[in-house]
Amino acid sequence: QNHQEIHTRNVLQPHVLIFPIPFQGPVNCALKLAELLCLSGIHVTFLNTDHIHRPLLRHSHVLSRFNRYPNFKFETIPDGLEDENPVTGDRFEEVMAAIDAVTKPLFREMMISGSLSRRSEHPVTMMIPDEVYSFAVEVAVETSIPLFFFATLSPCCLWTSHFNLAALIEAGHVPVKENDLDELVKDVPGMEHILRKRDLAAFCRINDISDPEIQRTLKEAQTLPRAQGLILNTFDDLDSLVLPYIRKLCPNIYTIGPLHALHKAQLTPSESSETTLSNSVWKEDRTCLSWLDKHPPKTVVYISIGSLSTMTVDQMLEIWHGLVNSRKPFLWVRRPGSITGGYDESEVESQLLEVTKEMGCIVDWAPQEDVLAHCAVGGFLTHSGWNSTMESIVQGVPMICWPFYVDQQPNSRFVGEVWKLGIDMKDTCDRLIVEKAVRDIMDGKRDIYTQVTGYWANLAKESISDRGSSSISLARLIDDIRLMSL
Ligand code: UDX
């Protein structure tokens with residue numbers, strides 16, 4: 001083969017390794033990115049740790065969707081964890097510790113020995129790990145394989161609580177003290193009038209800065225600028241306040257959000273009309289869609305706290321009373337294991353069901369994107385996970401935010417104060433507050449919310465249109481992957 005032939009073959013065969021953290025939300029997101037790259041003809045290897053791959057394998061719709069791409073394949077890597085479903089956020093550190101101990105050395109070995117590349121027709125030419133995998137940067141240096149990080153959490157969290165964490169610790173603002181929660185954080189550029197200490201990422205409240213979560217975040221902030229690029233699930237208009245600051249540290253960013261909507265827009269009409277485009281690890285109960293069909297437009301409150309957050313029985317009862325007192329019908333996702341406090345789940349559930357069967361529908365796991373798109377849904381009580389926030393923005397559904405951890409604290413502040421898309425009830429869980437919030441977004445202030453949510457939903461849709469900022473960013477990402485694969 002002469003040089004030109006080799007050159008042409010390599011130009012045509014870029015091969016990306018996508019390596020997500022093993023949790024429902026990030027894997028779902030990373031699979032959407034993978035599919036978009038596959039559609040452009042790029043070869044993709046999707047590296048899952050065993051922990052998440054086992055439950056994913058049971059969902060034939062995910063496998064059959066990806067089976068149709070000859071340029072896509074799954075690979076797995078051990079993580080030493082036996083349990084299959086990570087169901088609560090308090091397991092996050094356990095999973096990260098296992099990845100550090102087991103997966104990290106295996107990943108390095110896999111990449112340096114070239115074993116992953118040898119198992120494929122084409123060598124890996126680009127790595128796209130989740131931004132929490134700081135160790136991938138050293139592997140990229142050792143192998144000379146270019147690397148883009150993919151952040152599935154929000155840019156407002158990255159800016160306020162990752163990139164500024166070292167300075168906040170230095171200035172004595174972190175760890176945040178209980179008495180200072182309402183103090184404004186003046187040291188984060190651009191946030192002087194917006195951010196209170198209670199709005200920093202949840203880990204800023206951990207009392208000990210040697211805690212693994214804080215140390216890992218400090219490392220991430222140092223490592224992100226060392227990658228050749230940073231992929232973000234947002235659109236330029238939405239994060240115009242923080243993106244200029246992030247760009248100063250990471251000049252090459254790709255804003256390809258709302259990723260779920262961009263993904264749907266890029267599929268053919270027949271593909272995008274498939275029953276579900278979600279890559280959900282758990283089985284979705286679609287019967288709730290017919291329950292929604294029975295309700296007039298904008299009358300139902302949807303409640304979900306995502307795949308990892310939890311609530312205590314007392315908190316659940318406060319939310320339940322607030323909902324019942326608001327007299328609005330509700331669709332509530334009660335993920336098994338998400339209510340803590342050692343109570344008899346089936347007994348309490350059956351009592352609540354008895355009282356609420358007239359006005360409520362409770363499911364283990366819902367087809368959330370379809371639920372939010374349903375005209376009956378008029379409000380979303382959410383834990384403010386980043387995917388849920390983006391999905392709600394696209395559908396123009398106002399939010400009542402009750403954040404649990406990580407990026408959800410800044411996300412809910414931005415929803416309430418920056419984008420004005422809803423009400424942030426963080427750090428409170430009281431039936432009166434819930435009732436008032438529901439009445440505000442569904443009745444009293446409905447017109448205002450309809451206007452504002454419509455405004456952002458339009459901008460989101462524009463961003464994924466042919467000439468929209470996120471479509472352009474995706475095209476540039478694909479071009480750059482090809483160029484860097486030379
Ligand atoms: C986690 C973090 O908690 C979150 O803060 C971070 O931004 C991303 O990773 P998770 O808690 O699961 O994710 O929340 P979120 O990001 O909102 O993702 C949940 C996903 O599950 C969404 O895509 C949502 O559509 C889906 N979902 C949720 C369902 O498909 N069905 C449900 O019943 C509930």
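General observations
- In whole angstrom, segment 105-233 maps to an equivalent ellipsoid with semi-axes of 35, 14, 10, each derived as √(5λ) from the alpha carbon gyration tensor and ordered largest first.
- Cα gyration tensor category, rounded, prolate or oblate, for segment 314-434 with a/c compared to 1.5: prolate
- Each peptide among 222-228, 380-386 gets the average number of other Cβ atoms lying within 10 Å of its residues, and from highest to lowest they stand as 380-386, 222-228.
- Proxy reagent accessibility, fewest Cβ within 10 Å first, across Ser309, Ser210: Ser210, Ser309
- Shown is the FRET efficiency for Arg467 and Asn252, computed with R0 = 25 Å from the Cβ-Cβ distance and rounded to the nearest 0.05: 0.75.
- In summary, the lysines within cross-link reach of Lys197, defined as a Cα separation below 20 angstrom excluding same-chain residues under 8 places away, comprise Lys177, Lys186, Lys420, Lys426.
- Which of Ser144, Ser64, Ser485, Ser154 has the fewest Cβ neighbours within 10 Å, and the rest in rising order: Ser144, Ser64, Ser485, Ser154
- The Rg/Rh ratio of segment 359-406, with both radii computed over alpha carbons and Rh defined as the Kirkwood radius, is 0.95.
- The sum of -39500 (n - 2.57) across all DSSP H runs of n ≥ 4, divided by the residue count of the chain, sets its helix-only mean residue ellipticity at 222 nm to -12000 deg cm²/dmol.
- For segment 108-175, a simple Cβ point-charge model (Lys and Arg +1, Asp and Glu -1, everything else neutral) yields a dipole of about 160 debye relative to the Cα centre.
- D (Stokes-Einstein, µm²/s), Kirkwood Cα radius, segment 372-486, 1.306 mPa s at 10 °C: 104
- Axis angle, to the nearest 10 degrees, between helix 313-326 and the longest C-alpha principal axis of the chain: 60 degrees.
- Contact order relative to length of segment 177-253, as percent, for alpha carbon pairs under 8 angstrom and 6 or more apart: 21
- Charge dipole of the chain (Cα centre as origin; +1 on each Lys and Arg Cβ, -1 on each Asp and Glu Cβ, all else neutral): 1220 debye, rounded to the nearest 20.
- Relative contact order (percent, whole number), segment 359-472, Cα cutoff 8 Å, 6+ residue spacing: 23
- When the listed pairs Lys73/Lys248; Lys264/Lys436; Lys73/Lys264; Lys294/Lys436; Lys298/Lys461 are checked against a 27 Å cut-off, the alpha-carbon distance exceeds it for Lys73/Lys248; Lys264/Lys436.
- Segment 95-158 shape via C-alpha gyration tensor axes, a/c threshold 1.5: oblate
- In nm, spacing of pseudo-spin labels at Ser120 and Asp182 (7 Å Cα→C-beta vector): 5.4
- Extending 7 Å from Cα along the Cβ direction at Glu271 and again at Asp427 yields two label points whose distance is 4.6 nm.
- Spread of Cα-to-Cα distances over 10 Å intervals beginning at zero, given as percent, for the chain: 4, 20, 31, 28, 14, 4, 1, 0
- As a length-normalised measure over Cα pairs under 8 Å and 6 or more apart, the relative contact order of the chain settles at 17 percent.
- Computed FRET value (nearest 0.05) for Arg68 with Arg108, which takes r as the C-beta separation and R₀ as 41 Å: 0.80
Bear in mind these aren't lab numbers, they're just calculated from the coordinates by the rules spelled out. From a predicted model like this one, the values you see are computed outputs, not experimental measurements. Backbone-built Cβ (ideal geometry, glycine too); neighbour counts: all protein chains shown.
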